[in-house]
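Read through the structure below, which is laid out as structure tokens, and then see the notes.
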Amino acid sequence: MGRPAELAIRGARIFYRGELLEGCICISEGVIAYIGKEVQAPRAQEVINAKGLLALPGPIDVHVHLRDEELAYKEDFYTGTSSAVAGGITCVLDMPNTLPPVDSARRLRERVQKAAKSIVANVGFYSLFPPDPSGLAELAGAGAVGIKVYFHEPKTALDVWDEHVLRSSVELANRHGLTVAFHAEDPVLIRELAGEIRGGPVEAFLAQHPPKAEVRAIKKLSRVLAGLEVHICHVSTPEGLRLAREANFTVEATPHHLFLTSDLYGKLGSLALVDPPLRPRELVENLRKAFYSGLVDVVASDHAPHALEEKEGPNPPPGFPGLETLLPALLNEVCERRLSLPELVRMVCEGPAKIFGLKRGRLEVGWPADLVLVDLKARRVVWPEFFRSKAKYSPFAGMTFRGVPVHTIVNGVLAFSEGEIVAKPGCGSIIRPSGAGRPSQP
């Protein structure tokens with residue numbers, strides 16, 4: 001008899017190589033040791049009875065703001081990654097607009113060191129462009145998953161609005177294996193509109209961030225950065241999506257831009273404020289058609305928690321929590337037969353892993369044991385007061401989704417089970433890409 005596996009998942013339907021397999025998954029030393037029929041499976045020290053559940057590769061959320069450090073009152077590494085695993089997400093990529101910001105290898109290493117002690121999901125870290133592009137080599141060596149550019153309000157000393165500087169900097173980032181992700185809105189138009197705005201903070205924000213701000217920015221990016229590895233974050237307009245696809249950029253959408261409309265501002269006001277804003281119904285319906293047609297590469301949450309008093313204050317910041325609604329919203333689309341299961345896996349597992357060079361997002365022997373067990377028959381109402389995030393509000397509040405994460409396994413460790421966080425802080429790993437311009441991933 002061979003050595004027993006540490007953990008066996010028995011009785012599940014398994015999404016394996018594009019098909020559903022009835023069988024067993026065995027895990028040892030943090031990696032998948034066996035996928036196949038139960039009769040041939042090794043013995044195991046611990047067993048999860050997954051009868052009636054579906055096993056999926058661990059989803060990767062490529063757009064998350066974990067906050068912490070001087071913004072820990074909004075979210076910290078433990079609460080943010082607890083929110084992730086409660087939502088069935090095993091890996092998150094953290095944005096660099098932190099306080100202080102991440103714009104150097106030193107700052108990246110500081111953030112990694114602090115996070116490693118607290119996380120219960122795997123975490124990778126973006127950086128801003130460093131003040132001098134020569135710092136990109138050290139950032140890549142330090143493990144950055146990508147570079148983030150806030151085109152509408154650059155948070156770096158680098159003049160990314162200068163076309164030559166922008167192209168040469170993105171080229172250099174790509175040579176070091178770094179995809180460059182853009183929040184694409186036109187700052188010139190936003191500034192022009194700022195002087196014409198009347199009304200309250202929500203009305204002012206919506207007027208200042210119209211659909212054409214996104215479209216103009218993506219037009220410029222497609223002209224200047226053609227042929228480079230560029231990722232467009234949270235696309236909110238069908239025209240923006242079309243332009244990005246024509247430029248061969250990868251494209252990310254969010255559940256709120258796909259399933260919610262600007263009508264919600266009349267009900268929720270500043271709690272629903274997000275950047276880019278929720279769009280009018282016609283734009284949302286056309287964006288959703290493109291999504292159903294397979295034109296979106298990645299669906300991500302843009303989890304952006306703020307303190308409730310900030311959201312309800314006189315200058316409400318855009319953003320809201322999304323880690324605990326991302327997967328349920330997409331599972332609901334599968335259950336309603338508007339989205340296929342392979343498409344869901346492509347957009348939250350395989351696509352993110354491919355774009356950012358991660359050895360994650362697949363169920364394969366020898367691969368890290370990141371997976372989620374979901375119940376496609378269960379229905380759950382979104383009650384934000386029960387979120388694991390510090391932010392207890394959501395534009396999805398009160399909605400019912402069919403498809404519920406039941407168990408989330410991270411690096412072979414059961415992190416979330418039947419409503420409870422069961423892993424100790426630190427069970428998550430710091431993840432880094434591998435590929436061109438990169439050292440090999442361990």
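Nothing in this text is a laboratory measurement; each read-out follows from the coordinates by a stated rule. For clarity, every value in this text was computed on a predicted model and none was experimentally measured. FYI the Cβ positions are ideal-geometry reconstructions off the backbone, even for glycines, and counts take in every protein chain you see.
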Original post:
Considering only DSSP beta bridges whose two residues both sit in segment 58-356, what percent are antiparallel, to the nearest 5?
Top reply: 5
**OP:** Give, in nm to one decimal, the length gained when the segment between Val422 and Lys51 is fully stretched (0.36 nm per residue of separation minus the Cα-Cα distance).
**Re:** 131.5 nm
Original post:
Size of the dipole of the chain about the Cα centre, Lys and Arg at +1 and Asp and Glu at -1 on the beta carbon, nothing else charged, in debye to 20?
Top reply: 980
Subject >> Spatial separation of Cα centroids for segment 367-439 and segment 287-361, in angstrom >> reply: 13
Original post:
For segment 196-207, in order, what is each residue's ³J(HN,Hα) by Karplus, 6.51 cos²θ - 1.76 cosθ + 1.60 with θ = phi - 60°, in whole Hz (x at glycine and Pro)?
Top reply: 9, 7, 10, x, x, x, 5, 4, 5, 5, 5, 5
Original post:
Fewest to most neighbouring Cβ within 10 Å: what's the order for Trp367, Trp161?
Top reply: Trp161, Trp367
**OP:** With runs of 4+ DSSP H residues as the only contributors, calculate the mean residue ellipticity of the chain at 222 nm using -39,500 (n - 2.57) per run, divided by the residue total and rounded to the nearest 500.
**Re:** -8000 deg cm²/dmol
Subject >> Modelled FRET efficiency - R0 45 Å, Glu22 with Leu264, Cβ distances, 0.05 increments >> reply: 0.65
Subject >> Ala378 long-range amide H proximity, modeled H, under 5 Å >> reply: Gly403, Val404
Subject >> Distant-in-sequence amide H partners of Val149 (H built 1.01 Å from N, under 5 Å) >> reply: Ala181, Phe182, His183
Subject >> Cα-Cα over 28 Å, subset of Lys114/Lys267; Lys311/Lys359; Lys74/Lys289; Lys51/Lys390; Lys74/Lys359; Lys74/Lys267 >> reply: Lys114/Lys267; Lys311/Lys359; Lys74/Lys289; Lys51/Lys390; Lys74/Lys359
Original post:
How large is the dipole of segment 79-197 about the Cα centre if only Lys and Arg carry +1 and Asp and Glu carry -1, each at its Cβ, rounded to the nearest 20 debye?
Top reply: 760
**OP:** Note down the nm distance, to one decimal, between modelled labels 7 Å out along Cα→Cβ at Ile197 and at Glu282.
**Re:** 2.4
Original post:
Can you run phi through the Karplus equation (6.51, -1.76, 1.60; θ = phi - 60°) for segment 233-247 and list ³J(HN,Hα) in whole Hz, with x for Gly and Pro?
Top reply: 7, 5, 4, 10, 10, x, 5, x, 4, 4, 5, 5, 5, 4, 7
Original post:
Between Lys114 and Glu309, what length in nm is gained on full extension when 0.36 nm per residue of separation is reduced by their alpha carbon distance?
Top reply: 67.5 nm
Subject >> Other-chain or far-sequence residues with amide H under 5 Å of Leu339's (modelled H) >> reply: Val334
